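Derivation of every value follows stated rules applied to the coordinates shown; laboratory data play no part. Just so it is clear, the structure is predicted and the values come from calculations on it, not from any experiment. Cβ: placed from backbone, ideal geometry, glycine included. Neighbour counts: every protein chain shown.
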Number of protein chains: 2
Amino acid sequence: MMATKIIPPAEGAYAYPLLIKQLLLSGVRYEPGREIVYADKLRYSYQTLNQRIRRLANALTAAGVKAGDTVALLDWDSHRYLECFFAVPMIGAVLHTVNIRLSPEQVLFTMNHAEDDLVLVHDDFLPLVEQIQGRLTTVKGFVQLTDDQASDTSLPVQGEYEQLLSQCSDQYDFPDFDENSVATLFYTTGTTGDPKGVYFTHRQLVLHTLNAVGTLGVYQGTPLLRSDDVYMPITPMFHVHAWGVPYVATLMGIKQVYPGRYEPNSLVRLYQEEKVTFSHCVPTILQMLLTCEQGKSADFNGWKMLLGGSALPLGLASEASAKGMVVHAGYGMSETCPLLCLTYLRDEDRKLSAQAQLPTRIKTGTPVPMVDLKIIDASGNDVVHDGESLGEIVVRAPWLTQGYLKEPQKGAELWQDGWLHTGDMASIDPLGGVEIKDRIKDVIKTGGEWISSLELESLISEHQAVLSVAVVGIADEQWGERPMALVVCEPGQYLDRKILEAHLQGFVEIGRINKWAIPKQFKFVAEIPKTSVGKINKKLIREQALV
Amino acid sequence: MMATKIIPPAEGAYAYPLLIKQLLLSGVRYEPGREIVYADKLRYSYQTLNQRIRRLANALTAAGVKAGDTVALLDWDSHRYLECFFAVPMIGAVLHTVNIRLSPEQVLFTMNHAEDDLVLVHDDFLPLVEQIQGRLTTVKGFVQLTDDQASDTSLPVQGEYEQLLSQCSDQYDFPDFDENSVATLFYTTGTTGDPKGVYFTHRQLVLHTLNAVGTLGVYQGTPLLRSDDVYMPITPMFHVHAWGVPYVATLMGIKQVYPGRYEPNSLVRLYQEEKVTFSHCVPTILQMLLTCEQGKSADFNGWKMLLGGSALPLGLASEASAKGMVVHAGYGMSETCPLLCLTYLRDEDRKLSAQAQLPTRIKTGTPVPMVDLKIIDASGNDVVHDGESLGEIVVRAPWLTQGYLKEPQKGAELWQDGWLHTGDMASIDPLGGVEIKDRIKDVIKTGGEWISSLELESLISEHQAVLSVAVVGIADEQWGERPMALVVCEPGQYLDRKILEAHLQGFVEIGRINKWAIPKQFKFVAEIPKTSVGKINKKLIREQALV
């Protein structure tokens, strides 16, 4: 260790730990009257939010929750979720945000693996929990979350959430403790093996939040988030804390709208009624918003939309932009809390028309402050930043999960030599702009060359009759692998193999792709298989292609 | 200690420490071509800044500096200062930013007390250092900083800064180390006793910077700082790192202009030529900018100016606003890194005219995120937030100095029961807005009542013939203390005691002040005595009043 100068604190001095409770100080002070809205059901002020978080802390304590315990939550995106983001970690417990889209067997696996002590469950998920209750090995109690009228249940519930809160005091003196205490836990839904538990500490969440406030607010010509924005998440709160933005919005005192269950027409209506100005979602959801009944006729002018989770095709970005949306791409993953990269527009980019800005906006973006990011080859050597050469992205930042819960081997595979290995293949341009070309496992190896399935998907999606597309590599005797494309046709349009071959041949002629990148097979389908979080399920597509 | 859940990291995982080197990652990536400007002498790009910081690290290492050593810097505000802000802490050493306005004896005291190892000294301060050289007890070497032509010196200098940099490689692999290592050190210039050494760690500076990026960028209707701003500090870099803003600007990739020696006409010219949009200064400097030859005829439209150090009188704020400046008040002190509070404009404030916003803008402001702030009475009890009741401000935040260097007793006076005691008397309104009324030692106790000298100064300054004013309490047999006012008259205007008594009587009639707050004495002077950092020297004024 280097002999730097370290001075013990003076008597009485206080080394302020980084705790989630500190994220709640400023929003309430800045904008005590700003609203938290839960769909059409409830609205209250920041001042009330502050009181309700204290009531909830008392209710959890009364229900027997102690520091170090784990509280599971099964709910739609709601004000309750926001309250749990704060109250559960603030009493020193761990919040397990249960992925409600998993199968009952997987939910059971995660709840036992997490060693959940108390379960907060919305009426809609009572059947799910009732079904697995007998096999839950650590749960000691249940609390019911009801929107309208409480459903009957065979679970031995201790009470209903609102009722319990109303019985509790709104005074609670939140303790200080080690900033490295685990605050949240959720499970990633890999396409192979059991779900893996990703966890974040108070310190990591505070640092991710502080950095995101500056990153979202400052760099974007039109800042993505300002104090007078209205925020509505459209990525589930069970998944990486809705990308961490609820913490950011609360710190800033921004009006927040939680939409409940995602239904595209209701989301568009909420956007209109609550005057939402900032949201984030995956490309699949964006497409639903644009094509649903309510969305077709809606004016999305000025709706700032951060896209992540998978690459944003140019065609889709154009459609959104044509309807007035301001799109930005972000990059991150469950294990990275998630923010790593974000669209950065330089002066020269901002001078371009909205349409001309799109190629920059849909790129993976530039690493945000505090993120140390590089690409490496298979031997671990740095790959040059020429905008062409591919390497795996590896990262360091102060908010990366330090392992998978109770899976030391998987943790050691994620982390190698002090760098988190993302499994994403990218190039970096000389100015530091990152462009993800593919997942390591989704790169198609053909005739000794690598073809990026994402790039092919993007080119195919530019055809006006293509609604959506997925490309995978399938085994080929001659070439090793060859690409295969699954295509969904726009309603009322016609497509066949020859049309798309001719479309891609155009890109061959201008040197954008090589001839052998043209898929050997096109399959026209009604829907692209998706994972529980809305990503293209390439594993399933490959399996089905073999049948 | 509470039994929260703490999980050891996976094998190979990396717990990213908070180090100043990480503040340098993003600006260079975002805006490699943006400029760093040193007055009329030098300009270069962020890419060059990055290389020069590495050259400097090599030069310091070659000069014998090791981790834990202390490097003293005596310079005007310059690109070199910015380079030292990064390179010295980044090699694990401590940067002592020497207050060049202190007397030679005090400079000597601080340099011996800090145990400086290497001294970087600008030509203009060679006579000062030569004078004390024989009594420097720890210094092992000197480096000369030259703008134009090197002065002759009797110091055994190892070389000139630019020359040493040009001989060194621009490659340096900065090490990681404990984030609690001391990074910077400077001395506060109290009005009594020896200067006290205030120090900040890497962790504290990183957290202050991350928080300030969001705070300055997001909350202000017109954000104080954006990526496309042009920044010029007008508070010295030796004093609390120019309020920490150079770190903020570098992280964001903002164009930075360093003005060298402060001369009002040159500052205004630099503002005009470099298209500066954001600066910060103390009220005294603001007044100089408005009244100097170049300033009188200048258009300051859109120049965002953060005021701190002492209260901003409404009269001065009005003058600045009338010339187009956008003024904001901040509050902090040397010991707090410094940012604690900042003007916060709510929606209803932003709807007002620029003039009508001023009373809000000149207040102390609202505590920024992560700052836990309260007012207490003499017994340590919390004082109510009614906007009237006075108490001493005590604070917690992750970036407060943990003591004074080698002064455990003074450190324990600063910190009591885990709260840093600011010595400032304030009220807090029900929405959390803080208004400093005075320093504990400057409150005037008269007839059993407290009178705020700052409030009196503000009221007197509203008279159009008043250029500046200072109020102190002087002993009075009947009342205990009575206020005395020192007044500087606007050139070409007339003032006497009766005029000002009538002016204040107006405020008595509308209930703003009590009758006994009207000063017993007015002294009309050519200049108000100031401390070395430009604050009103009330101690000296009181002493002179007794003569």
> Restricting the count to DSSP beta bridges whose residues both fall in chain A, what percent are antiparallel, rounded to a multiple of 5?
Replying inline: 55 percent
> Within the protein assembly as shown, what percent of beta bridges assigned by DSSP are antiparallel, to the nearest 5?
Replying inline: 55 percent
> With axes computed from alpha carbons, what is the tilt in degrees of helix A:202-218 against the longest principal axis of chain A, rounded to the nearest 10 within 0 to 90?
Replying inline: 60 degrees
> Helix B:264-274: angle to the longest alpha-carbon principal axis of chain B, degrees 0 to 90, nearest 10?
Replying inline: 60 degrees
> Taking the Cα centre of the stretch A:284-351 as the origin, how large is its charge dipole in debye, to the nearest 20, when only Lys and Arg (+1) and Asp and Glu (-1) carry charge on their Cβ atoms?
Replying inline: 120 debye
>> If I take every Cα pair under 8 Å that is 6 or more residues apart in the stretch B:132-199, average their sequence separation and divide by the length, what percent do I get for the relative contact order?
In response: 20 percent
>> Need one number: nm distance between label points at A:Ser169 and B:Asp176, each 7 Å from Cα along Cα→Cβ, rounded to one decimal.
In response: 4.4 nm
> Based on the Cβ-Cβ distance from B:Ile510 to B:Ala356, what FRET efficiency comes out when R0 is 22 Å, to the nearest 0.05?
Replying inline: 0.75
> Under 20 Å from the Cα of B:Lys304, which lysines turn up, not counting those fewer than eight places away in the same chain?
Replying inline: B:Lys255, B:Lys275, B:Lys296, B:Lys323, B:Lys351, B:Lys363
> Quick one: label points 7 angstrom along Cα→Cβ at A:Glu160, distances to the other copies in nm, smallest first?
Replying inline: 8.2
> In percent, how large is the relative contact order of the stretch B:247-345, given Cα pairs closer than 8 Å and 6 or more residues apart?
Replying inline: 21 percent
>> Helix-only mean residue ellipticity at 222 nm, the protein assembly as shown, DSSP H runs n ≥ 4 weighted -39,500 (n - 2.57), per residue, nearest 500. What is it?
In response: -9000 deg cm²/dmol
> Once phi is turned into ³J(HN,Hα) by the Karplus curve 6.51 cos²θ - 1.76 cosθ + 1.60 with θ = phi - 60°, what whole-Hz value does each residue of the stretch A:460-477 show in order, with x for glycine and proline?
Replying inline: 5, 5, 6, 5, 5, 8, 8, 8, 7, 8, 9, 10, 10, x, 10, 4, 9, 4
> Straight-line reach from A:Lys498: which lysines have a Cα under 22 Å away, not including same-chain ones fewer than 8 places off?
Replying inline: A:Lys515, A:Lys520, A:Lys523
> Which FRET efficiency value, to the nearest 0.05, is calculated for B:Gln272 and B:Gln106 with the Förster distance at 45 angstrom and r the Cβ-Cβ distance?
Replying inline: 0.80
> Measuring label to label, 7 Å along Cα→Cβ, what does B:Asn514 give against each other copy in nm, shortest first?
Replying inline: 8.9
> For the stretch B:489-501, what does the Karplus curve 6.51 cos²θ - 1.76 cosθ + 1.60, with θ = phi - 60°, yield as ³J(HN,Hα) per residue in whole Hz, taken in order and with x for Gly and Pro?
Replying inline: 8, 4, x, x, 10, 10, 9, 8, 4, 5, 4, 6, 4
> FRET efficiency for A:Ser379 and B:Ser45, Cβ-Cβ distance as r, R0 = 30 Å, nearest 0.05?
Replying inline: 0.35
> Under a plain spin-label model, where a point goes 7 Å from the Cα along Cα-to-Cβ, how far apart in nm are B:Met2 and A:Ala526?
Replying inline: 5.2 nm
> Using a ≥ b ≥ c from the Cα gyration tensor of the stretch A:355-406 (square roots of the eigenvalues), is it rounded, prolate or oblate, where a/c under 1.5 gives rounded and otherwise the larger of a/b and b/c decides, a/b for prolate?
Replying inline: oblate
>> Can you find, among A:Ile460, A:Val394, A:Gln505, the residue sitting farthest towards the positive end of the charge dipole of the stretch A:394-547, where Lys and Arg contribute +1 and Asp and Glu -1 at Cβ?
In response: A:Val394
> Do any chymotrypsin sites (Phe, Trp or Tyr not before Pro) in the stretch A:446-523 lie in a loop, going by DSSP, with at most 14 other beta-carbon atoms within 10 Å of their beta carbon, and if so which?
Replying inline: A:Tyr494
>> Using a 7 Å offset from the Cα along the Cα-to-Cβ direction at both A:Asp496 and A:Ala150, what is the distance between the two label points in nm, to one decimal?
In response: 6.3 nm
> Straight-line reach from B:Lys410: which aspartates and glutamates have Cα under 15 Å away, leaving out those fewer than 8 places along the same chain?
Replying inline: A:Glu11, B:Asp194, B:Glu335
>> Tell me the relative contact order for the stretch A:365-409 as a rounded percent, counting alpha carbon contacts under 8 Å between residues six or more apart.
In response: 36 percent
> Any idea what angle helix B:79-90 forms with the longest principal axis of chain B, computed on alpha-carbon atoms, 0 to 90 degrees, nearest 10?
Replying inline: 70 degrees
> B:Pro529 label points, 7 Å along Cα→Cβ, one per copy: pairwise distances from this copy to the rest in nm, shortest first?
Replying inline: 8.5
>> Under the 0.36 nm per residue contour assumption, what length would be gained going from the current alpha-carbon distance of A:Ile474 and A:Asp386 to full extension?
In response: 28.7 nm
